[in-house]
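Written below as structure tokens is the structure these notes are about.
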Amino acid sequence: MLFKSFSAAVYGIDAYLVEVEVDISAGKGDFMTVGLPDAAVRESRERIKSAIKNCGLDFPFQNITVNLAPADVKKEGSGFDLAIALGILGTTGALLKNDLKQHVFMGELSLDGGLRPIKGALSIAAMTRQKGIRKLVLPVENAQEAAVVQGVDVFGVRSLPEALDLINETREFVAERVNAREMLARASQSAVDFRDVKGQLHAKRAIEVAAAGSHNILMIGPPGAGKTMLAKRIPTILPPLTFDEAIQTTKIHSVAGVLESGAGLVGIRPFRNPHHTISDAGLIGGGAVPRPGEVSLAHNGLLFLDELPEFQRNVLEVLRQPLEDGSVTIARASMSLTFPARFTLAAAMNPCPCGFFNDSSRQCTCTPPMIQRYISKISGPLLDRIDIHIDMPAVKYRELRDDSGGESSEEIRERVIKARQRQLQRYQGEKVYSNAQMSPRLIRRYCAISAECEKLLEDAVNRLGLSARAHDRILKVARTIADLDGAESIGSMHISEAIQYRSLDRNYWA
């Protein structure tokens with residue numbers, strides 16, 4: 001006897017439909033799964049057999065063949081358990097319905113018949129709607145996440161018997177309903193604020209410029225200067241996530257398995273802070289079946305690399321493509337996947353191994369060759385891709401004890417949002433969302449400067465030995481500073497401030 005049900009699998013950050021065909025025939029009780037299953041799928045037969053028996057249901061002592069179609073795509077994970085179990089029960093007559101074309105079933109079975117959560121529920125719900133299927137049945141922990149997608153009835157169940165009751169309509173089930181806008185507003189609340197940071201007014205201004213134009217930033221200073229503290233507060237001044245950005249960010253986090261249990265949406269811009277021992281595959285993504293790396297998990301948010309010179313050289317160099325393209329492509333013999341990776345890079349480092357080079361209060365114990373070796377770990381091409389780099393001195397005692405308080409994140413965020421709105425209006429129809437993404441053609445069009453500004457820029461390029469890429473990034477930063485001022489054109493004060501943010505090119509890298 002043949003019975004069909006439907007499940008889904010995730011490829012990259014998108015899902016595709018999997019047809020689960022279960023056939024039972026006379027025999028000794030062999031259980032075979034075909035359709036390019038991985039080890040986790042093959043092992044499902046033991047979980048399914050125990051789950052069905054422990055739920056007090058009849059498991060057929062016959063030959064069982066399970067086909068997962070399309071058969072030419074590798075299936076991985078344990079999310080097919082529920083669909084396979086229901087297919088087996090369908091052949092025994094335990095289901096009152098023979099047609100399950102309007103259902104997609106997802107979930108990993110425990111030995112007692114309970115359901116465990118899966119990865120990629122949001123992507124699966126989006127695919128279900130796209131295919132015109134009306135009902136999605138999955139573990140209750142994933143229900144809110146999947147219910148964000150409108151047009152699909154999402155049912156969260158806790159066990160195999162509950163799924164049976166849902167199909168047989170022996171109990172009344174209500175589809176999960178969420179208000180995605182309210183969920184996004186609740187999830188966007190933050191516990192940190194820029195007001196917590198003492199002193200460092202110059203650094204705060206540079207970070208505001210970076211946030212307003214989505215520019216990459218490098219902070220150099222001694223230990224305890226507040227570099228990490230400032231970086232952790234950058235997401236609080238970035239514009240709030242749009243609904244589309246929240247959906248895309250949640251998809252990536254769900255597929256990677258880092259979405260908090262019961263969370264429906266990622267409501268605050270991601271802040272990823274990998275340790276310097278991370279591998280290039282961990283940063284960019286990879287694996288036999290490629291998974292998103294840290295650069296993709298930081299999509300629409302911030303990637304913070306603390307102690308930048310401590311990262312392996314090859315790890316830092318693989319950042320070049322995502323910094324330029326906003327995406328990362330991972331190629332394998334059997335597949336090639338592209339993950340989105342449009343993020344703002346914030347990096348922090350000490351000026352030397354001991355951390356006190358150029359510090360007025362403490363003496364540096366490093367020799368010039370030691371400093372040179374330490375600094376040279378950051379390559380010129382990578383430095384060129386960082387628009388703003390600033391020197392952060394140690395905080396003075398008076399600033400540390402000052403209780404007057406600085407600007408709050410909300411005040412800074414208002415200015416950042418206004419600057420971003422000007423950019424969105426300027427680049428309508430260009431598929432560009434911030435000044436940092438301007439192409440050379442758009443730089444020529446929107447960054448025209450006066451003769452006085454030309455002279456300033458020429459002197460800076462000749463004096464600092466800046467590259468063509470650094471020249472373009474000065475113009476982009478100047479355009480952002482002008483947007484923060486509400487100015488239509490770039491003035492000499494905007495160019496001067498932008499040049500100041502490149503002065504470290506020759507301070508340390510001489």
| message | Between a residue in segment 423-445 that is within 15 Å of Ser214 (Cβ to Cβ) and any residue that is β-branched (Val, Ile, Thr) and open to solvent by less than 40 Å² (accessible area, probe 1.4 Å), which pairs come within a Cβ distance under 6 Å, given they are 6 or more apart or on different chains? | response | Asn435/Thr480
| remark: Taking segment 114-129 and keeping only residues that are open to solvent by 30 Å² or more (accessible area, probe 1.4 Å) and either at pLDDT 95 or above or not in a loop (DSSP other than H, G, I, E, B) (or both), one is left with Arg116, Arg129
| remark: Output for Cβ contacts, cut-off 9 Å, separation at least six or different chains, first residue touching a residue at least 60 places away in the same chain (Cβ under 8 Å) in segment 32-54, second hydroxyl-bearing (Ser, Thr, Tyr) and not in a strand (DSSP E or B), reads Ser44/Ser78; Arg47/Ser78; Arg47/Ser110; Ser50/Ser110; Ala51/Ser110
| Per-region count, segment 333-392, residues in a loop (DSSP other than H, G, I, E, B) and open to solvent by 70 Å² or more (accessible area, probe 1.4 Å) | 10
| Residue list for segment 224-235, filter: within 10 Å of Phe194 (Cβ to Cβ) and either surrounded by fewer than 22 Cβ atoms within 10 Å (Cβ to Cβ) or over 17 Å from the mean Cα position of the chain (by Cα) (or both) | Met229, Leu230, Arg233
| Condition broken by Leu241, with the remaining ones in (1) hydrophobic (A, V, I, L, M, F, W, C); (2) part of a loop (DSSP other than H, G, I, E, B); (3) open to solvent by 40 Å² or more (accessible area, probe 1.4 Å) satisfied | (3)
| said: Restricting to segment 210-244, name every residue that is within 24 Å of Glu324 (Cα to Cα) and modelled with pLDDT under 90. | reply: Pro240, Leu241, Thr242, Asp244
| said: For the list (1) open to solvent by less than 60 Å² (accessible area, probe 1.4 Å); (2) within 30 Å of His253 (Cα to Cα); (3) of a type in the set (A, V, I, L, M, F, W, C); (4) touching a strand residue (DSSP E or B) at 6+ places or on another chain (Cβ under 8 Å), I need the number of the one condition that Leu36 fails. | reply: (1)
| note | Residue count, segment 88-113, condition open to solvent by 50 Å² or more (accessible area, probe 1.4 Å) and under 19 Å from Met127 (Cα atoms), comes to 2
| request: Of the conditions (1) open to solvent by less than 40 Å² (accessible area, probe 1.4 Å); (2) under 30 Å from Met438 (Cα atoms); (3) not in a loop (DSSP other than H, G, I, E, B), Ala281 clears all except one; give me its number. | output: (1)
| message | I'm told Tyr11 meets every condition in (1) at pLDDT 90 or above; (2) in contact with a strand residue (DSSP E or B) (Cβ under 9 Å, 6 or more places away or on another chain); (3) open to solvent by 60 Å² or more (accessible area, probe 1.4 Å) except one. Can you identify the failing condition by its number? | response | (1)
| said: Restricting to segment 436-455, name every residue that is within 16 Å of Ile490 (Cβ to Cβ) and either of a type in the set (Ser, Thr, Tyr) or buried (at least 17 other Cβ atoms within 10 Å of the Cβ) (or both). | reply: Ala436, Met438, Leu442, Ile443, Tyr446, Cys447, Ile449, Ser450, Cys453
| remark: Filtering strands (runs of 3 or more DSSP E) wholly in segment 1-53 for at least 2 residues that are in contact with a Ser or Thr (Cβ under 9 Å, 6 or more places away or on another chain) and among the small types (Gly, Ala, Ser) gives 14-25
| said: So, Val295, is that one assigned to a strand (DSSP E or B), of a type in the set (Val, Ile, Thr) and within 23 Å of Pro235 (Cβ to Cβ) or not? | reply: no
| note | Conditions (1) among the basic types (Lys, Arg); (2) under 35 Å from the mean Cα position of the chain (by Cα); (3) at pLDDT 90 or above -> Lys74 fails only (3)
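The values are calculated or read from the model by the stated rules, or taken from the named source; none is laboratory data. Values in this document were obtained by computation on a predicted structure and should not be read as measured data. So basically every Cβ, Gly included, is an ideal-geometry build from the backbone, and we count neighbours across all protein chains shown. Remember, those area values only see protein heavy atoms, side chains included, never the ligands or the DNA or RNA. Shrake-Rupley method; radii C 1.70, N 1.55, O 1.52, S 1.80 Å.
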